[in-house]
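For reference, the structure discussed in these notes is given below.
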Amino acid sequence: MKRTVPLMITMVGGLVLIIQYFIPHQVSVSVFNYYTSWAPIVSGFALILGVGSITRLHYHKIRIRDRNWPYSLATLIPMYLMPVFALLLPPSIWGGNQAPGLFDFMYTRIQVPIQSTMFSMLAFYIASAAFRAFRAKSALATLLLIAAVIVMLGQVPIGDLAGRWLPNLGQWILRYPNLAAKRAIELGVGFGVLATCLKIIFGVERGWLGGAGE
Amino acid sequence: MYDLIGIWVAAILTLAIYSFLYKENPLYRLAEHLVVGTSLGYSIVMIWNQLLFPRLWQPLTHGQDWTLVIPALFGILYITRFYPRVAWLSRYPIAFLLGTGMGVGFPLDMQALVLRQIEATIIPIYAPGAPFDVSLGTVVIVLGTLAALIYFFFSKPHRGPFFGTGSKIGIWIIMIGFGATFGFTVMGRISLLIGRVQFLLGDWLHLLH
Amino acid sequence: MSAMNFWMKMLNIDRRWIFLAIAVVVIVPFFARMGLPLIPNREVRSIYDCIDSLGPRNALMIGWDFDPSTDAENQPMGIALLRHAFARHVPVFMTAYLPLGQGLANMALEQVSDTTVAGNFVIVPWDAWEPFRAQGAEGRDSLEAAWIAAGHRLPEGSRGWVFEGVDLAFLGYQPLFYLVILGMGNSIASQFPSDANGNPVAEMPIIQAHKNLRQVDLAVTLAGSSACVTWIVYGTAKVGLRVAFGVTAVMATDYYPYIQSGQIIGMMGGLRGAADYEVLETQGGYTSSTGRAYRGMDVQSLAHLAIILMVVLGNIAYFASGMRKKTALKAGR
């Protein structure tokens with residue numbers, strides 16, 4: 001029940017849907033239609049796990065007055081307030097999920113700016129890495145840096161000042177040698193994906209069973 | 001007023017995140033924790049509004065489509081993860097989604113990620129009348145892909161005219177590819193910073209026209 | 001010896017000085033504009049030409065498959081695509097792979113419909129033209145004529161009307177989006193009983209004319225992750241959907257194989273891709289001036305030069321300070 005049934009569900013579900021792909025019969029299509037209707041509903045409940053885990057973690061920190069426990073309030077309060085604002089508060093007092101409203105405010109003025117800014121910090125780190133880490137220590141590393149410089153200059157308007165040959169060379173690098181390298185990698189990834197699919201369906205790969213008791 | 005307050009809040013939070021570049025500080029920590037909470041809060045609303053209400057609640061209560069009870073019960077099993085004695089039940093919905101996802105993706109992945117890509121590599125090396133850069137490029141695509149695949153084949157030692165030479169050419173092609181990726185990565189990171197600076201200088205301080 | 005010490009000091013410089021240098025390099029060009037011309041590349045031109053060949057009888061699907069972390073690169077692409085499609089009255093479906101993407105799609109619609117700015121559109125909500133639906137207005141042209149006859153006027157500077165349910169269906173987010181794409185291959189309405197604003201999708205004229213993905217002429221996925229590949233696997237391979245990518249620069253180099261194999265018709269890569277599209281739109285007369293992406297290219301130019309300079313200086317410092325010999329000695333070479 002604890003391991004065998006889930007493995008059977010995986011195998012039967014996987015095989016049925018592989019076979020379904022090749023059979024155009026009405027029964028096969030019905031199976032497919034039920035699957036595309038039901039599976040998203042099942043997956044929607046997975047959010048409960050995320051919310052529950054975060055709540056458990058931060059509630060524990062608040063309860064034991066951990067060193068940085070006030071920050072846990074900054075996580076839990078918006079997490080529970082946003083659904084209240086969007087779903088329970090009437091639009092007349094800034095409820096609902098349209099602008100102007102508290103829910104929209106928290107998304108567009110808190111979530112979006114913070115998340116955008118966090119990733120934009122990488123620009124500073126890549127500049128620091130460019131100075132401190134990118135070394136032409138070998139012929140291959142030098143080739144990498146030369147290709148990078150050509151592509152970087154070819155992608156910006158200032159590269160045109162040296163003549164059209166620079167952006168054209170950059171485009172040629174992207175469309176041919178870069179393509180060849182990436183295709184080889186993508187083929188490897190593709191074969192890996194297929195192998196992983198089969199390993200999971202046939203129960204060879206069982207790591208996903210872990211973490212739920214015995 | 002709503003927009004004005006909103007822009008100031010967004011600008012302050014933006015600067016709070018950037019303050020980390022100087023030194024970690026409480027304002028940065030606050031923003032960091034806020035984003036986790038708002039992200040989950042937003043997702044809860046989306047899942048209810050877009051999925052559970054129109055595709056589960058309404059058909060069940062108004063459309064009387066009782067077959068939907070099955071996926072609902074299956075999904076509720078996720079909750080058992082929090083109770084160690086029955087946590088094994090949470091494997092059922094995971095197994096369902098994993099197995100069926102692998103099954104439905106297998107033939108399509110094979111077609112799109114593998115077969116179609118191999119087909120696009122088995123092309124004539126020379127086409128009469130093609131410009132020199134295109135002809136050279138086609139040679140690079142065909143032989144370069146093969147050489148790069150030889151490089152990634154670690155089951156045989158890279159020696160001899162086929163594996164040895166092939167893997168040497170392969171690593172050169174791969175380095176050019178990674179160089180292109182590095183160049184684009186720099187461009188991408190700078191672009192993200194440009195976006196935030198445009199917001200700060202334009203939308204907040206109104207210094208840009 | 002003193003020269004070596006200088007380079008050693010350079011190598012050990014506090015990285016906050018480098019951060020400051022980048023900040024200056026990014027801020028200054030906003031005030032000292034160069035306005036260098038941009039020649040769009042053919043991968044972007046393919047997408048533009050495809051949408052330029054579409055009209056009111058076709059359909060375009062735009063997937064807002066990114067989250068706020070890549071907003072600076074992907075959002076300008078989406079806004080440019082919306083402007084182009086709305087100007088040509090191409091019906092647009094908008095979907096989102098991630099919950100956070102739906103909010104960004106909504107923000108894009110708000111920006112394109114901000115009539116205080118010239119060149120934007122007026123979006124007529126589904127409820128607002130309900131009386132005309134009841135009267136049996138059929139076809140976009142007759143609906144617009146009836147709407148104008150009822151006394152509605154475009155604000156000054158606006159380019160046109162966009163009727164929700166006819167020109168636009170904001171479908172929004174659904175989980176397990178690969179299943180949604182598969183399901184849309186048979187029926188779009190089955191995956192989206194209601195749109196992001198709660199309107200009934202099955203009743204919309206846009207759905208009655210374009211029931212599934214086989215009747216959609218192009219899907220453009222704007223992605224900051226490998227979500228874009230899902231459209232090829234579950235859309236192109238399954239029902240032959242034409243797909244184009246609008247991806248971040250970090251990922252763009254990985255997807256050239258899909259262009260060459262014909263699985264995608266074109267690709268916008270990063271801010272440069274968005275800037276290319278804005279230039280093409282301005283050349284085509286759809287916008288009077290380019291937008292934020294093109295504005296950022298001046299900054300991009302100087303920033304790239306700065307990064308290249310840092311790489312060169314770092315290498316000079318490394319070799320001139322004797323670090324290379326020290327590292328080789330340590331490694332026993």
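All of the numbers you see were taken from the coordinates with simple rules; none came from a lab. Please read all numbers here as calculations on a predicted model, not as lab measurements. Cβ atoms come from the backbone with ideal geometry, glycine included; neighbour counts cover every protein chain shown.
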Quiz item: In chain C, which whole DSSP H runs stretch at least 30 Å along their own axis (Cα) and average 1.0 or higher on the Kyte-Doolittle scale?
Solution: C:292-320
Quiz item: Just C:Val229, C:Val216, C:Val250 to compare: in a GNM of chain C, with alpha carbon springs under 10 Å, which one fluctuates most?
Solution: C:Val250
Practice problem: Taking every Cα atom in the range C:42-99, find the radius of gyration and the maximum pairwise distance Dmax, and write them in Å. | Solution: 12.0, 35
Quiz item: What residues qualify as long-range amide H neighbours of C:Gly160, i.e. H under 5 Å apart, gap of 5 or more or another chain, H built at 1.01 Å from N?
Solution: C:Val122
Quiz prompt | In sequence order, calculated HN-Hα J values of the range B:75-88 (Karplus, 6.51, -1.76, 1.60; Hz; x Gly/Pro) | solution = x, 5, 4, 4, 4, 5, 4, 7, 10, x, 5, 10, 4, 4
Quiz prompt | Where Rh is the Kirkwood radius over Cα pairs, Rg/Rh for chain A | solution = 1.09
Exercise. Show that you can apply the helix-only estimate: for chain B, add -39,500 (n - 2.57) for every DSSP H stretch of four or more residues, divide by all residues, and state [θ] at 222 nm to the nearest 500.
Key: -20500 deg cm²/dmol
Exercise. Please give the FRET efficiency for B:Thr165 paired with A:Leu88, using the beta carbon to beta carbon distance and R0 = 56 Å, rounded to the nearest 0.05.
Key: 0.20
Quiz item: Residues with amide H under 5 Å of C:Met61's amide H, sequence separation 5 or more or different chain, H placed in the peptide plane at 1.01 Å from N; which?
Solution: C:Phe93, C:Leu218, C:Ala219, C:Val220
Practice problem: Apply the Karplus parameterisation 6.51 cos²θ - 1.76 cosθ + 1.60, with θ equal to phi minus 60°, to every residue of the range C:215-224 and state each ³J(HN,Hα) to the nearest whole Hz, in sequence, with x for glycine and proline. | Solution: 9, 9, 7, 7, 10, 10, 9, 9, 10, x
Quiz prompt | the range C:106-194: GluC sites (Glu not before Pro) in DSSP loop, at most 14 other beta carbons within 10 Å | solution = C:Glu138, C:Glu156
Quiz item: Of the trypsin sites (Lys or Arg not before Pro) in the range A:81-165, which ones lie in a loop per DSSP and count no more than 12 other C-beta atoms within 10 Å?
Solution: A:Arg164
Self-check item: Mean separation of Cα contacts under 8 Å (6+ apart) over length of chain C, as relative contact order %
Solution: 25 percent
Quiz prompt | Cα gyration tensor category, rounded, prolate or oblate, for the protein assembly as shown with a/c compared to 1.5 | solution = rounded
Quiz item: Which three semi-axes in whole Å describe the equivalent ellipsoid of the range C:1-108, each the square root of 5 times a Cα gyration tensor eigenvalue, listed largest first?
Solution: 43, 19, 12
Exercise. Can you tell me which of A:139-145, C:46-52, B:67-73 comes out highest on packing, and rank the rest after it, using the mean Cβ neighbours within 10 Å?
Key: C:46-52, A:139-145, B:67-73
Exercise. Specify whether the C-alpha gyration tensor of the range C:39-290 places it in the rounded, prolate or oblate class, a ≥ b ≥ c being the square roots of the eigenvalues: rounded for a/c under 1.5, otherwise prolate if a/b is larger than b/c and oblate if not.
Key: oblate
Exercise. Shielding by partners for C:107-113, please: the mean number of other protein chain Cβ atoms within 10 Å of each residue's Cβ.
Key: 1
Quiz item: Once the Cα atoms of helix B:165-198 and of chain B are each reduced to a long axis, what angle between those two axes, in degrees from 0 to 90 to the nearest 10, is obtained?
Solution: 30 degrees
Practice problem: Mind scanning A:Lys137/C:Lys9; A:Lys182/B:Lys168; B:Lys168/C:Lys9; A:Lys182/C:Lys238; B:Lys156/C:Lys238; A:Lys199/C:Lys211 and naming the pairs with a C-alpha gap bigger than 27 Å? | Solution: B:Lys168/C:Lys9; B:Lys156/C:Lys238; A:Lys199/C:Lys211
Quiz item: Amide H to amide H, which residues 5 or more places from C:Tyr173 or on other chains are under 5 Å from it, using H placed in the peptide plane?
Solution: C:Ala96
Quiz item: the range B:16-120: which chymotrypsin sites (Phe, Trp or Tyr not before Pro) are DSSP loop and have at most 13 other beta-carbon atoms within 10 angstrom?
Solution: B:Tyr22
Quiz item: Pick from C:Gly35, C:Gly103, C:Gly63: which is most flexible by mean-square fluctuation in a GNM of chain C where alpha carbon atoms under 10 Å apart are linked?
Solution: C:Gly35
Exercise. Please give the average number of partner chain Cβ atoms lying within 10 Å of the Cβ of each residue in C:193-199, rounded to a whole number.
Key: 4
